[in-house]
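Visitor: My questions all concern the structure below.
The values are calculated or read from the model by the stated rules, or taken from the named source; none is laboratory data. Because the structure is predicted, anything quoted here is derived from the model rather than measured. Every residue, glycine among them, receives a Cβ derived from its backbone with ideal geometry; neighbour counts consider all protein chains shown.
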Amino acid sequence: MALRDIITLPDPKLRLVSKPIERFDADLSRLIDDMFETMYDAPGVGLAAIQLAEPIRLLVVDAAPKDGPSEPLALINPEILWSSDERRVYEEGCLSIPEYYEEVERPASVRVKYVDRAGKPQEQLAEGLLSTVLQHEIDHLNGVLFIDYLSKLKRDRVIKKFVKIARRDDGKGRL
Ligand code: NI
């Protein structure tokens, strides 16, 4: 296993639509392990492959309560089958938009189908934090970020801030 770099705003790769996975091989298995290690290290509760610059439809989540046992879940080619009419507001963050948090309203529950790392089709009814995390991560596979749900004013402000940080970091160590 290896820790991998997480790409951040304004990296244009975050806007790519990720491709379905067709091959279940050792490379995929290694990437899943790296994603779990990188997510737990961050620490975060979800990570999409595109956040490691891999544009494929894969995500890992662990929405277990902090004091409980971990509940690692790797989802390949996930799709939302059903969303509840009931909605829920949750303060979201994103490892690709570090240290920025805002409330986002989404369906309270979703039913998701996916393929697990053994290649077996699965379905999961998700509520609470897991529901929010799955919707946030599946958005990543479609190039959508949680800031897209905010007002244009707020979104432009955070993008501007990260463009500035990226410029400053590029210039680091240069004379
Ligand atoms: Ni995110």
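Visitor: Which residue, of 99, 105, 92, is touching a residue at least 24 places away in the same chain (Cβ under 8 Å), within 16 Å of the ligand (Cβ to nearest atom) and not aromatic (Phe, Trp, Tyr)? Lay out the reasoning, then the answer.
Guide: On the way: 99 fails: touching a residue at least 24 places away in the same chain (Cβ under 8 Å); 105 fails: within 16 Å of the ligand (Cβ to nearest atom).
The conditions single out 92.
Visitor: Could you check how many residues of region 119-175 are under 30 Å from residue 82 (Cβ atoms) and of a type in the set (Gly, Ala, Ser)?
Guide: So the count comes out to 6.
Visitor: For region 59-92, give me each residue that is surrounded by fewer than 17 Cβ atoms within 10 Å (Cβ to Cβ), of a type outside the set (A, V, I, L, M, F, W, C) and touching an Asp or Glu at 6+ places or on another chain (Cβ under 8 Å).
Guide: The answer is 70, 71, 72, 87, 88, 91.
Visitor: Within the bounds of region 125-143, is there any residue that is part of a loop (DSSP other than H, G, I, E, B) and at pLDDT below 95? Quick ask: steps written out before the conclusion?
Guide: Applying the first criterion (part of a loop (DSSP other than H, G, I, E, B)) to region 125-143 yields 127, 142-143.
This time we only want the ones that are at pLDDT below 95, so: none.
Checked region 125-143: no residue is part of a loop (DSSP other than H, G, I, E, B) and at pLDDT below 95.
Visitor: Out of (1) more than 16 Å from the ligand (Cβ to nearest atom); (2) at pLDDT below 95, what's the single condition that is false for residue 114?
Guide: (2)
For (1) touching a residue at least 24 places away in the same chain (Cβ under 8 Å); (2) closer than 30 Å to residue 27 by Cβ, each residue gets a yes or a no:
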{"residue": "80", "(1), (2)": "yes, yes"}
{"residue": "124", "(1), (2)": "yes, yes"}
{"residue": "141", "(1), (2)": "yes, yes"}
{"residue": "147", "(1), (2)": "yes, no"}
{"residue": "165", "(1), (2)": "no, no"}
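Visitor: Filter region 11-55 down to the residues that are acidic (Asp, Glu), in a helix (DSSP H, G or I) and within 19 Å of residue 116 (Cβ to Cβ) and list them by number. Can you show your working first?
Guide: Step one: filter region 11-55 for residues acidic (Asp, Glu), giving 11, 22, 25, 27, 33-34, 37, 41, 54.
Imposing the further condition that a residue be in a helix (DSSP H, G or I) reduces the set to 27, 33-34, 37, 41.
If the condition is that a residue be acidic (Asp, Glu), in a helix (DSSP H, G or I) and within 19 Å of residue 116 (Cβ to Cβ), then 27, 33, 34, 37 are the ones that fit.
Visitor: Pick out the one residue from 33, 62, 67 that is farther than 21 Å from residue 150 by Cα, within 16 Å of the ligand (Cβ to nearest atom) and acidic (Asp, Glu). First the steps, then the outcome.
Guide: Working: 33 fails: within 16 Å of the ligand (Cβ to nearest atom); 67 fails: within 16 Å of the ligand (Cβ to nearest atom).
Step by step, each of 33, 62, 67 is checked, and only 62 is farther than 21 Å from residue 150 by Cα, within 16 Å of the ligand (Cβ to nearest atom) and acidic (Asp, Glu).
Visitor: Would you call residue 56 away from the ligand (no atom under 15 Å from the Cβ) and buried (at least 17 other Cβ atoms within 10 Å of the Cβ)? Full working, then the answer.
Guide: Numbers: away from the ligand (no atom under 15 Å from the Cβ): yes; buried (at least 17 other Cβ atoms within 10 Å of the Cβ): yes.
So residue 56 fits the description; yes.
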